[in-house]
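Working notes for the structure below.
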Amino acid sequence: MKLAIHTPGHLTVFVGALALMTLAPPPRLPLAGGLCLTTAALLYPAALRAPLHPGWPAALALLVMLSALLGGPLDHSLGAVVYSGAGLAAGAQMALRALVLLVMVEGFTQSTEISAVAALCERAGLRGLGFSLGVAVNLLPGLRQASRQTWQSLTMRGGLRRRRWRALGLYLAATAAAALRRAEEVALAAETRAFTPEQAHYLPLAIGPGDFIAAALVALALLWIVGFGILISS
Amino acid sequence: MRFTTRELSILAVFGALWGLVEISLGAALHALRLPFSGALLAAAGLTIALTGRWFVPRRGSTLFIGAIAMLLKLFSIGSAVIGPLIGILAEALLAEAALLFFRRPSRAGFVLAASLGVLWTLIQPFFTGWLLFGRDLFVVWLELLQAGSRLVGLESSATVGIIAVLAAAHLVIGAAGGWLAWSAGRLLGARLGKTAWVGLLVALILAACAQPTPAETTGPTLTVTDGQTTKHYTLADLEQIGQEQAAFRDVNYRGVRLSALLSDAGFDPAALKAVTATAADGFSASYEPAIFTKADTLLAYARADGPLVEDEGPFRMVVPGQEGKLNPRQVVEIRAIP
């Protein structure tokens, strides 16, 4: 049986990876990076191509090079090039961190549904967001049409040739006023159907055993790498 | 934070407008790569969000509008992209935090909220840089900065001045957005009769509290306001100001001259651009100076031969010689527009 991970699980993995790469002591950073990349390879294999997008390899190489040249005393040499050992190590750490986060961000965005983000926001305290989001999505075509018609009316009357700022203000006010009137209609329709935010259902949010297992594994990894890492270094 | 259905609809409208600006103007500015494009986009978004705050002056409404705009932006892109997600939410959060310092909505609060929100666009690259690369990135940046200052012959301390100028520019752009939002809210409120909505909310709150209030003990009241200064009048108050008579459609009415009422409320009629009378159902009629300064333009509280009939009281406008829509019944608010 395959355990499915839903948006809460993916979010936990992403936040866990971010915490690992931010909090891990420098000697344990390669271990944390390796663990994150292995997780990404298992969960989001397509995301491993993210750092190959044009620009990123060159940017990471430049970052390592600049850090090696500017990030500390120049105490090493490679042929004619003199560089800083500490700077090179810091640059490699930065590049590793960026590499891991690029992959994890790509994996997270590929696996997340926007409606699940809305559902999470709603549960985080923005009650009624589902209703408002539905209204907003349905309003977009109407808003576009109203703004286009207002714009055409203004141009036909020559409103933009003279007193442009006033015309622009009228255009914005008319568009917003049309939208507010539409909102009033929506509110009346919802109230007629006995809708109240208190009785409204939350947006559905899929969650299963896979998400809890992912959260437990992330917690273990944090404890192992960050917690023990701090203990060992102290 | 719990909002009513009506408030949720209004928040949806302003969230949709911010989302629309992010989708359309954002794409255009991104393609043009103009200087301060991020700040301009944030200012436009926050102007819309704060105009929404004017209509729903409750804690959390700006953040709510930001969340809707963020989700619409993500829908338009098709996947969760971290940059806009952080940007829109942080701008809305900062604006919301700034508004916490103000007990009542005010222009100063809006200016501060939008300024702080727009300032985030200057901070965000540093925040995402730290998130992506860690603290060591700042060491490289500082070294690069010093190398650059040596190259162009500038003191590295000049950086502070450059950052201050950039921050000031962002704050000014934000302040303009906040100022505009307050004006836009007032303009829209005057056009649509915001008080109809606010009045409904106030009525619900008063009913829920079930405590005697001046409105309950002294009868219906009329509000005269310019958005900043507000005065309430009972029937007895109005009778003390004036008892003029005027006729509309062969009926004689008794009331107070509109210009006298405005003067009593502390407004100079000669300095006003327009006056709006709003009825209990949200209908409003606007009057130009030539009409609201006329001697026979009345806010009527009775007929000459008795009280106003049920569907026209407790107060109505009487503007002799003008069409019916300029003579609204059941007037609850007079708004002075300077």
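The values are calculated or read from the model by the stated rules, or taken from the named source; none is laboratory data. Computed from a predicted model, the values in this text were never measured in an experiment. Glycine gets a Cβ as well: all are built from the backbone with ideal geometry, and neighbour counts include every protein chain shown. The accessibility values were calculated without ligands, DNA or RNA, using every heavy atom of the protein model including side chains. Shrake-Rupley method; radii C 1.70, N 1.55, O 1.52, S 1.80 Å.
Using the alpha carbons of chain B, what is the convex hull volume per residue in cubic angstrom, as a whole number?
Convex hull of Cα atoms, per residue: 179 Å³.
Just the number please: accessible area per residue for the protein assembly as shown, 1.4 Å probe, all protein chains included, in Å².
50
Would you calculate the convex hull of the Cα atoms in the protein assembly as shown and tell me its volume per residue in Å³?
217
Given the Cα-Cα distance of A:S153 and A:A216 and 0.36 nm per residue of separation, how much length would full extension add, in nm?
16.6 nm
From the alpha carbon gyration tensor of chain A, can you work out the equivalent ellipsoid semi-axes (sqrt of 5 times each eigenvalue) and give them in Å, largest to smallest?
49, 30, 14
May I ask you to derive the FRET efficiency for B:A176 and A:A46 from their Cβ-Cβ distance with R0 = 45 Å, giving the value to the nearest 0.05?
Efficiency, rounded to the nearest 0.05: 0.55.
Heavy atoms of the protein only, probe of 1.4 Å, neighbouring chains included. What is the accessible area of B:D311 in Å², nearest 10?
80
How much FRET efficiency would the formula 1/(1 + (r/R0)^6) give for A:L3 and B:L166, where r is the Cβ-Cβ distance and R0 is 51 Å, rounded to 0.05?
With a Förster radius of 51 Å, E is 0.55.
Could you calculate, for region B:1-160, the ratio of the Cα radius of gyration to the Kirkwood radius, expressed as Rg to Rh?
Rg/Rh: 1.06.
Looking at region A:126-182, which trypsin sites (Lys or Arg not before Pro) are in a loop (DSSP not H, G, I, E or B) and have at most 10 other Cβ atoms within 10 Å?
Qualifying residues, ordered by number: A:R157, A:R161, A:R162.
What does the charge dipole of the protein assembly as shown about its Cα centre add up to, to the nearest 20 debye, if the Cβ of each Lys and Arg holds +1 and the Cβ of each Asp and Glu holds -1?
It works out to roughly 1000 debye.
Classify region A:108-228: rounded, prolate or oblate, from the alpha-carbon gyration tensor (a ≥ b ≥ c, eigenvalue square roots; a/c under 1.5 rounded; otherwise prolate if a/b is larger than b/c)?
prolate
Excluding B:A67 itself, what net charge comes from residues whose Cβ is under 12 Å from its Cβ, given Lys and Arg +1 and Asp and Glu -1?
-1
Between B:S263 and B:A31, 0.36 nm times their residue separation minus their Cα-Cα distance comes to what?
Fully extending the segment from B:S263 to B:A31 adds 78.2 nm.
With springs only between Cα atoms under 10 Å, which of A:A61, A:A90, A:A167 fluctuates most in a Gaussian network model of chain A?
Maximum among the listed residues: A:A167.
In percent, what relative contact order does chain B have, based on Cα pairs under 8 Å that are 6 or more apart in sequence?
Relative contact order comes out at 14 percent.
How high is the FRET efficiency from B:E310 to B:A271, r the C-beta distance, R0 60 Å, rounded to 0.05?
After rounding, the FRET efficiency stands at 0.95.
Given axes a ≥ b ≥ c from the Cα gyration tensor, I'd like to know whether region B:234-338 is rounded (a/c under 1.5), prolate (a/b larger than b/c) or oblate.
Rounded is the answer for region B:234-338, as its axis ratio a/c remains below 1.5.
Would you calculate a helix-derived [θ] at 222 nm for the protein assembly as shown, using -39,500 (n - 2.57) for each DSSP H run of n ≥ 4 and dividing by the full residue count, to the nearest 500?
-21000 deg cm²/dmol
At A:R164 and A:V82, where each label point lies 7 Å from the Cα along Cα→Cβ, what is the point-to-point distance in nanometres?
5.8
In region A:44-73, whose amide N lies under 16 Å from the spot 7 Å out along Cα-to-Cβ of B:Q146? List them in ranges.
A:66-73
Would you give the gap between the C-alpha center of region B:1-26 and the C-alpha center of region B:236-284, rounded to a whole Å?
Centre-to-centre (Cα) distance: 36 Å.
Taking K and R as +1 and D and E as -1, what net charge do the other residues with C-beta under 9 Å from the C-beta of B:A265 add up to?
-1
If contacts are Cα pairs under 8 angstrom and at least 6 residues apart, what is the relative contact order of region B:1-150 in percent?
It comes to 24 percent, rounded to a whole number.
How many nm is it between the label spots at A:L74 and B:K325, if each spot is 7 Å from the Cα in line with the beta carbon?
8.0
If you filter region A:175-204 for GluC sites (Glu not before Pro), then keep DSSP loop positions with at most 16 other Cβ within 10 Å, what is left?
Within region A:175-204, the qualifying GluC sites (Glu not before Pro) (loop, at most 16 other Cβ atoms within 10 Å) are A:E198.
Please report how many Lys pairs in the protein assembly as shown have alpha carbons closer than 26 angstrom, counting only residues at least 8 apart along the chain or sitting on separate chains.
9
With labels modelled as points extended 7 Å from the Cα through the Cβ direction, what inter-label distance (nm, one decimal) is found for A:H201 paired with A:E185?
About 2.7 nm separates the two model spin labels.
For the protein assembly as shown, with the dipole built from +1 on Lys and Arg beta-carbon atoms and -1 on Asp and Glu ones, taken about the Cα centre, which of A:T38, A:G87, A:H53 lies farthest toward the positive end?
Ranked along the dipole, the leading option is A:H53.
With angles folded into 0 to 90 degrees, how steeply does helix B:82-99 sit against the dominant principal axis of chain B? Use alpha carbons for both and round to 10.
Here the helix axis deviates by roughly 50 degrees.
What angle, in degrees between 0 and 90 and rounded to the nearest 10, separates the Cα long axis of helix B:194-209 from the longest principal axis of the Cα atoms of chain B?
80
What trypsin sites (Lys or Arg not before Pro) in region A:1-75 are in a loop by DSSP, with at most 13 other Cβ atoms within 10 Å of the Cβ?
Loop-located and lightly packed - A:K2.
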